[in-house]
1. Sort L215, L169, L317, L82 so the one with the fewest other Cβ atoms within 10 Å of its own Cβ comes first.
2. Measure up K224/K322; K224/K321; K257/K301; K225/K257 against 20 Å on the Cα-Cα distance and list the ones that go over.
3. Mean-square fluctuation check for the chain, GNM, Cα pairs under 10 Å: which of V235, V177, V24 is largest?
4. Once you keep just the Cα pairs under 8 angstrom separated by 6 or more residues, what percentage relative contact order results for the chain?
5. Please compute the length gained on full extension between T344 and M222, using 0.36 nm multiplied by the number of residues separating them and subtracting their Cα-Cα distance.
6. Rounded to the nearest 500, what is the chain's calculated 222 nm mean residue ellipticity when only DSSP H runs of at least 4 contribute -39500 (n - 2.57) each, over all residues?
7. Which value results when the Cα radius of gyration for the stretch 92-239 is divided by 2.2 N^0.38 Å?
8. Tell me, what is the percent relative contact order of the stretch 69-197, built from C-alpha pairs under 8 Å that lie six or more residues apart?
Amino acid sequence: MKLLGYVFRVILALAAAAAFIGAVWSAAFYITEAAAAALHWQPHPLARYLAASYLGLILFALASAAIGLLTRGRQQRSWQALQRAIQQMARGDFRVDLPADLEEQHHPLARIAAGIQDMAANLQAMERMRQEFISNVSHEIGSPLTSIRGFARALRSGNLSEEQRLRYLDIIEAECVRLSRLSRDLLQLTVLDADPHAVRPAPYRLDVQLQQVLLQLEPQWMDKKLDIQAVLEEVVISADEHLLDQVWLNLIHNAVKFTPLGGRITVHLERRDDRAVVTVSDTGPGIAEEDQPRIFERFYKADRSRHRAAGGSGLGLAIAKKIVELHGGTISVQSRPGEGAAFTVVLPLRPPGSPPAAATAGES
Ligand code: ADP
């Protein structure tokens, strides 16, 4: 297809050149004829032929020079526009708008112009994300600090009952825990973003890991008298155990956090071909349909009023998604408001690109 286009363009250029030469020599011929008639000049045919030829050459040179000047001017303007765009981007202003004629097809600079325009659009999007991120982080840091300051002031006022004093101290402690969790989560996301090879896979039993995470969270689900069901097939996976710990902790912790007293949480693990499928479902309030595509975004909280009391920063699912994707897997949610939520993680039993023998070594 590309070759066909190239051949077509060459034929077009040759035809244009032939038409141009034809037009110039015809003009030279008619001018010579008209001049001879006007001057009543009856030269030898050879002299007439030579006169027309010389005139043709002169016209050809003049027309070529004029065309060259015109296109050079246009090309110079295009280069200058590109240069200005690059300088503008170097100053940190990514609102680059290159002239439309630069984007014309087959223009020699068109590809560079399109590349610069794309780069500017991507940098602009990244800059917007960066600003949004900073504003989210300052909000997440600002609100616990305001709360800590308020309760510290109240404590200083003195005329408080012992019960009030203890409650305020509990709140201050909870806000501090929230802040340190936020800093830990931010650090983890930064590390994962910076190093796509942060995954250190090794074979281990996924079912055992899920059991351990459930045990680790026992105090929380016991407090809420939750019914925990674990249906775990024996599965050996080659993955980063430490990172996946975080995924299961975040998912099961959310399930415990959002499920009301006496509810049920089910953790299900099965092997499907060369994949492990883990589902964490609960009987909590579920997630509204419009929120479902967004809950994996950084700082996104579906129900802000309820969430404030729950104390999350909206980073848990973003971290889980990042880790799962680094393992070549997927994470999704199925939920109907009022009927609970089910999070499904599908992971390859071996990380992408690993030699099959390395991973099967530990399988039972
Ligand atoms: P956080 O760390 O603050 O809990 P997440 O990223 O884990 O934030 O969760 C993002 C949003 O998804 C939360 O606002 C919460 O409303 C919603 N969510 C997550 N898990 C559940 C669940 N099991 N049931 C209902 N809502 C949930």
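1. On the way: L215 9, L169 13, L317 23, L82 18.
The fewest-first ordering by Cβ neighbours comes to L215, L169, L82, L317.
2. Numbers: K224/K322 30 Å; K224/K321 27 Å; K257/K301 14 Å; K225/K257 12 Å.
Long pairs (Cα-Cα over 20 Å): K224/K322; K224/K321.
3. So, out of V235, V177, V24, the one fluctuating most is V24.
4. 11
5. Details: separation 122, 0.36 × 122 = 43.92 nm, distance 2.39 nm.
So the extension gain works out to 41.5 nm.
6. Values: 10 runs with 221 residues, N = 364.
The helix contribution divided over the chain gives -21000 deg cm²/dmol.
7. On the way: Rg = 26.1 Å, N = 148, 2.2 N^0.38 = 14.7 Å.
Normalised by 2.2 N^0.38 Å, the Cα Rg of the stretch 92-239 equals 1.78.
8. Values: 56 pairs, mean separation 20.6, N = 129.
Rounded, it is 16 percent for the stretch 69-197.
Any read-out appearing in this document is the output of simple, stated calculations on the displayed coordinates, not a laboratory observation. Model, not experiment: these values are computed from the prediction. So basically every Cβ, Gly included, is an ideal-geometry build from the backbone, and we count neighbours across all protein chains shown.
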